[in-house]
Amino acid sequence: MGELYRKLHGGSETGLGDEVLGAYDRTSATMAKRLSELRKLDPNLGVTEPMNFTLTALDGGKLDLKSLRGKVVIFDFWATWCVPCRAQHPLYEELKKRFRERDDVVFLSVDTDEDHQLVAPFLEKQQWSSKNVVFDNGLVRLLTVSSIPATIIADKQGRLASRMNGFNGDKFVGDIAARIQGILDAPGGAEIVGFSRVIWIVLDSVGIGEMPDAEAYGDKGSDTLGNIARQRRLKLPNLCRLGLANIRPLTGLDAVAEPAGAFGKCTLASPGKDTTTGHWEMAGIHLEKPFPLFPRVPARGDGAV
């Protein structure tokens with residue numbers, strides 16, 4: 001560009017900077033105008049924070065979620081075709097009754113149907129209230145809601161604090177009520193931490209000691225990390241900085257005075273000790289009974305494998 005400018009201006013670059021800045025300003029103004037016009041059609045264009053979304057109400061009105069800051073907001077994602085959603089609806093009504101005296105708790109019924117015309121007749125037929133029924137307007141994609149019913153709770157600061165996927169009839173009311181109350185009881189929301197992204201790194205099969213029921217599974221004395229540390233010297237400066245050696249004494253690894261991370265150890269709440277059970281539980285799925293295991297079969301020689 002500089003070479004072309006010099007050819008047109010007798011070999012001089014005088015004024016080139018002003019031309020570039022002027023072109024940038026004109027382009028920026030054009031883009032800002034275009035974005036403003038597009039947002040008149042879609043107020044959620046470019047919005048990346050869920051509680052900055054604007055949802056369309058059943059009557060066509062607009063609900064700016066920013067107006068709900070200072071309240072705990074419970075999003076109930078459902079659709080007219082969803083049978084489990086129908087089964088869960090009376091449980092939501094029971095849940096609402098528990099918090100009806102609280103003006104700082106808001107329940108939003110978020111419909112995810114592509115055809116909005118189906119909703120009003122459905123509500124009338126089912127004799128469901130149309131109060132606080134809104135359409136998702138893309139919120140489903142932003143929150144990656146892949147299955148319904150789904151319940152998502154935002155705290156008073158607008159941070160996502162809890163999520164429950166699927167229908168759990170026996171425990172739903174008590175579980176969600178406890179979550180809501182826990183958020184309400186947290187002083188200033190200080191105990192609730194919101195993240196836009198979480199990167200979860202799992203060191204599979206790196207145990208740090210046996211579990212209380214180890215003997216029942218033939219795991220008595222299991223201690224993968226401890227046994228490795230006793231056999232060879234480990235050099236894990238980053239994990240130690242985060243607090244690995246603060247969990248328990250490990251040969252050759254030193255605890256730090258001020259760990260950079262939160263640290264601790266836990267045991268499975270689900271029955272079973274296989275990898276799948278552990279991964280499911282980390283994702284929030286608690287098994288009521290263990291997965292079936294391969295049976296012990298006779299080996300070619302004595303014993304079993």
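The length gained by stretching the chain between ASP113 and ILE247 to full extension, at 0.36 nm per residue less their Cα-Cα distance, is 43.4 nm. Taking the alpha-carbon distance from LYS131 and a cut-off under 14 Å, which aspartates and glutamates remain once sequence neighbours fewer than 8 residues away in the same chain are dropped? In chain and number order, the partners are ASP59, ASP76, GLU93, ASP111.
If you take the square roots of the eigenvalues of the alpha-carbon gyration tensor of segment 215-286 and sort them as a ≥ b ≥ c, do you get rounded (a/c under 1.5), prolate (a/b over b/c) or oblate? Here segment 215-286 falls in the oblate category. Using a Debye calculation, one point per C-alpha and no hydration shell, please list log10 I(q)/I(0) for segment 60-137 at q = 0.14, 0.16, 0.23 Å⁻¹ in order. So the normalised log intensities work out to -0.48, -0.63, -1.23. Relative to the current alpha-carbon distance between ALA23 and LEU287, full extension at 0.36 nm per residue lengthens the span by 88.9 nm.
If you wrap a convex hull around the Cα atoms of segment 1-156, how much volume per residue is inside, in Å³? Numbers along the way, then the final one.
Details: hull volume 24.4 nm³, N = 156.
Taking the convex hull of the Cα positions in segment 1-156, it is 156 Å³ per residue.
Ligands, DNA and RNA left out, the accessible area of the chain computed with a 1.4 Å probe is 54% carbon and sulfur.
Helix content alone sets the calculated 222 nm mean residue ellipticity of the chain: runs of n ≥ 4 DSSP H residues at -39500 (n - 2.57) each, divided across all residues, give -10000 deg cm²/dmol.
Mind checking the full-extension length gain between SER205 and THR48? Use 0.36 nm per residue of separation minus the Cα-Cα distance, one decimal, nm.
Working: separation 157, 0.36 × 157 = 56.52 nm, distance 3.62 nm.
Full-extension gain reported as 52.9 nm.
GNM remark for the chain: springs join alpha carbons under 10 Å apart, and the peak mean-square fluctuation among LEU250, LEU91, LEU45 falls on LEU250.
Tally Lys and Arg at +1 and Asp and Glu at -1 over the other residues with C-beta under 11 Å from the C-beta of PHE263: what net charge comes out?
On the way: positive: ARG241, ARG248, LYS265; negative: none.
Within the 11 Å Cβ shell, the charges total +3.
In Å², what does the accessible area per residue of the chain work out to with a 1.4 Å probe?
I get 67 Å² per residue for this part.
When the chain is treated as a GNM with alpha-carbon contacts under 10 Å, the residue of MET51, MET31, MET282 showing the greatest mean-square fluctuation is MET31. The calculated FRET efficiency for the pair GLU124 and LYS97, based on their C-beta separation and a Förster distance of 22 Å, comes to about 0.50.
How large is the translational diffusion coefficient of segment 113-252 in µm² per second when you combine the Kirkwood radius over alpha carbon pairs with Stokes-Einstein at 25 °C and 0.890 mPa s?
On the way: Rh = 20.4 Å.
After rounding, the answer is 121 µm²/s.
Comparing ASN227, GLN126, LEU142 along the charge dipole axis of segment 94-250, the residue lying farthest to the positive side is ASN227, per the Cβ-charge model.
Pairs of alpha carbons in the chain separated by more than 24 Å make up 70% of all such pairs. When the Cα positions of PRO292, ALA79, PRO212 are compared along the charge dipole of the chain, PRO212 comes out farthest toward the positive end, with charges on each C-beta of Lys, Arg, Asp and Glu.
The values are calculated or read from the model by the stated rules, or taken from the named source; none is laboratory data. Given the structure is predicted, the values throughout are model-derived calculations rather than measurements. Note that each Cβ is placed from the backbone with ideal geometry, even for glycine, and that neighbours are counted across all protein chains shown. We work out accessible area using only protein heavy atoms, side chains counted, and drop any ligands, DNA or RNA first. Shrake-Rupley method; radii C 1.70, N 1.55, O 1.52, S 1.80 Å.
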